[in-house]
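What follows draws every value from the coordinates through simple rules; no lab data is involved. Remember, it's a predicted structure, so these values are computed and weren't measured experimentally. Note that we place each Cβ from the backbone using ideal geometry, even for glycine, and neighbour counts take in every protein chain shown.
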Amino acid sequence: MIIAIDGPAASGKGTLGKRLAEHYGFAHLDTGLLYRAVARVLMDRDVPLADRDAATQVAQNLDVSHLEDDSRLRGAAMGEAASVISAYQPVRDALLAFQRQFGEQPPGAVLDGRDIGTVVCPSADVKLFITAAPEERARRRHLELLRRGEQAEYETILDEIRRRDERDMNRSTAPLKAAADAVTLDTTHLDADAAFQAALRIVEDKGS
Ligand code: CDP
């Protein structure tokens with residue numbers, strides 16, 4: 001069983017994916033971490049993000065263990081950098097097989113990202129597209145960064161979210177969009193618990 005979750009930055013996909021996976025006893029992959037990890041290696045080596053060949057090589061040789069434990073990956077700078085290198089088709093190609101294999105594991109897997117329902121797992125059993133108003137997403141990301149101890153201004157985050165939406169939705173390769181058979185869940189007025197309950201109902205409806 002595969003549950004695919006897509007949506008824009010800070011829409012709550014990660015939290016939701018984790019909770020659904022725990023509920024069903026499935027494995028969970030936050031695929032954004034893969035792109036963030038590629039960006040981090042480039043930045044650590046002082047390689048410009050514009051260097052497609054270097055980004056591709058890093059993606060092809062990425063060590064995918066311990067991604068979850070690395071808190072630096074979750075910082076704002078890494079998200080922005082990930083959005084740049086994730087627009088390169090060869091980078092996406094290099095990370096595809098791992099994501100597909102991850103989805104195959106029994107008894108099931110939850111993957112979240114931008115193109116899970118459209119490209120990575122087009123035949124997923126359930127596809128959720130999680131959205132929320134940019135202002136609400138910026139509010140959540142702001143809180144999250146402050147909790148992590150990062151310096152963060154709400155207005156800057158809102159600008160960044162808008163820029164990232166624009167880049168992710170308008171790129172030619174695997175743009176962010178809902179799959180035709182995805183169910184859209186707008187979490188603007190839902191807290192994490194309410195979003196989880198709503199998602200659970202969608203999964204149960206699909207499964208029955
Ligand atoms: O948590 P947040 O939504 O801010 O970011 P993320 O899910 O970690 O993704 C960071 C960036 O990686 C996104 O802005 C996308 O450009 C890219 N990404 C992607 O292209 N495809 C995915 N499946 C996941 C992330």
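Total Lys pairs in the chain closer than 16 Å by alpha-carbon, pairs eight or more apart in sequence or interchain only?
The number of close lysine pairs in the chain is 5.
How many angstrom separate the Cα center of segment 169-208 from the Cα center of segment 1-64?
Centre-to-centre distance over Cα atoms comes out at 18 Å.
If you scale each eigenvalue of the Cα gyration tensor by 5 and take the root, what three semi-axes come out for segment 127-208, rounded to whole angstrom and sorted largest first?
In descending order, the three semi-axes are 26, 19, 9 Å.
Count charges around Met78 for me, please; just the other residues with Cβ under 9 Å from its Cβ, Lys/Arg as +1, Asp/Glu as -1.
Residues close to Met78 contribute a combined charge of +3.
HN-Hα J couplings of segment 152-168 from phi, Karplus 6.51/-1.76/1.60, θ = phi - 60°, integer Hz, Gly and Pro as x?
Going residue by residue, I get 8, 10, 3, 4, 5, 5, 4, 4, 5, 5, 5, 5, 5, 4, 4, 5, 5 Hz, with x marking Gly and Pro.
Rounded to the nearest 0.05, what FRET efficiency do Glu153 and Gln89 give with R0 = 30 Å and r taken as the Cβ-Cβ distance? Could you check?
0.35
Once the principal axes of the Cα atoms of the chain are found, what is the range along each, listed largest first in whole angstroms?
50, 37, 31
Ranked highest first by average number of other Cβ atoms within 10 Å, how do 20-29, 107-116, 188-197 line up?
Ranked from most to least packed, the peptides come out as 107-116, 20-29, 188-197.
Can you give the extra length, in nm with one decimal, that the chain gains between Lys177 and Val47 once fully stretched, where that is 0.36 nm per residue apart less the Cα-Cα distance?
Here the segment from Lys177 to Val47 would lengthen by 43.8 nm.
Among DSSP bridges having both ends in the chain, what percentage is antiparallel? Round to the nearest 5.
Of the beta bridges lying entirely in the chain, close to 0 percent run antiparallel.
Show me, for segment 117-129, the HN-Hα J-couplings you get by feeding each phi into the Karplus relation (A = 6.51, B = -1.76, C = 1.60, θ = phi - 60°), rounded to Hz, glycine and proline as x.
Coupling constants for segment 117-129: x, 8, 10, 6, 10, x, 9, 4, 5, 9, 10, 10, 10 Hz.
Take the Cα of Leu200, step 7 Å along the line toward its Cβ, and report every residue of segment 130-155 whose backbone nitrogen sits under 19 Å from that point.
Residues 130 qualify, since their backbone N sits under 19 Å from the label point.
Using θ = phi - 60° and the Karplus relation 6.51 cos²θ - 1.76 cosθ + 1.60, list the HN-Hα couplings for segment 12-22 in order, rounded to whole Hz, with x at every Gly or Pro.
x, 4, x, 4, 5, x, 5, 5, 5, 4, 4
Go ahead and estimate [θ] at 222 nm for the chain from helices alone: -39,500 (n - 2.57) per DSSP H run with n ≥ 4, summed, over the residue count, rounded to 500.
Calculated from helices alone, the mean residue ellipticity at 222 nm is -16000 deg cm²/dmol.
So for the chain, averaging the separation of alpha carbon pairs under 8 Å that are six or more residues apart and normalising by length, what relative contact order in percent results?
It comes to 34 percent, rounded to a whole number.
With only Lys, Arg, Asp and Glu charged, each at its Cβ (+1 for the first two, -1 for the last two), find how big the charge dipole of segment 21-68 is about the Cα centre; round to the nearest 20 debye.
It comes to approximately 100 debye.
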